[in-house]
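All of the numbers you see were taken from the coordinates with simple rules; none came from a lab. Everything numeric here is computed off the predicted structure, so don't read it as measured data. Here Cβ is always computed from backbone atoms with ideal geometry, including for glycine, and neighbour counts include all displayed protein chains.
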Amino acid sequence: MSQRTERVDELLRQEIGALLAKDVADPRIGFATITDVETSPDLRHAKVWVSVIGAGDDRKETLRALGAAMPFIRHELGRRLRIRRIPELHVQLDDSAERGTRVLHMLDELERGVDPDDIAPIKESLPTPVRRLPHEGDAAEEEGAAPSDPDPDGPPASPEGPRPGRAAAPRRSGRAPQRPRRRRG
């Protein structure tokens, strides 16, 4: 894959995600996330990989709704992006999160001593959050200390709070600033 197609893939992923979040108002589209876009070398076709949270029927309905929304999304991409050709968009289900959840579930069951053949398939697409159990080597919390207390090794907090009119220093990414490109035409 060339560097150009990688840049186009990332641009399409970001723009399609933004369009889904703001401009597509289909109630059939549930919790869908654009995880990846793979564009063909000639930029005529693109696979849009979508991760959907929900049961199997909900996922199928969401994929159908996304497929129906792709012509609108392609039209909007044509208005927003300055590339010569907007590819045909083909929606594909990305089940890597579900497979990862299955592996984590199997590891958890194996840790408990359950036979791998007896592990039933799970019905949810993402793991259910559980409270983390304390492990050996974890730092012991002091009695009376709330988890929101400031870092004891850090600078002391001001009793008045943050000073008005002072913003935090901007983070530097380590990159040199880019100059604006000239428009050809």
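So the values come out like this:
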item	result
At q = 0.15, 0.29 Å⁻¹, base-10 log of I(q)/I(0) for segment 19-63 (Debye sum, equal scatterers on each alpha carbon)	-0.45, -1.04
Pairwise FRET efficiency - Ala21 versus Glu61, Cβ, R0 = 25 Å, nearest 0.05	0.85
Computed Kirkwood radius, in angstrom, where 1/r is averaged over Cα pairs of segment 50-90	11.5
Nonlocal amide H pairs with Val91, under 5 Å, H built at 1.01 Å	Val48
Kirkwood hydrodynamic radius over Cα pairs of segment 3-94, then Stokes diffusion coefficient at 20 °C and 1.002 mPa s, in µm²/s	163
Packing rank of 31-39, 69-77, where each peptide gets the mean count of other beta carbons within 10 Å, highest leading	31-39, 69-77
Cα centroid of segment 71-89 to Cα centroid of segment 6-49, whole Å	11
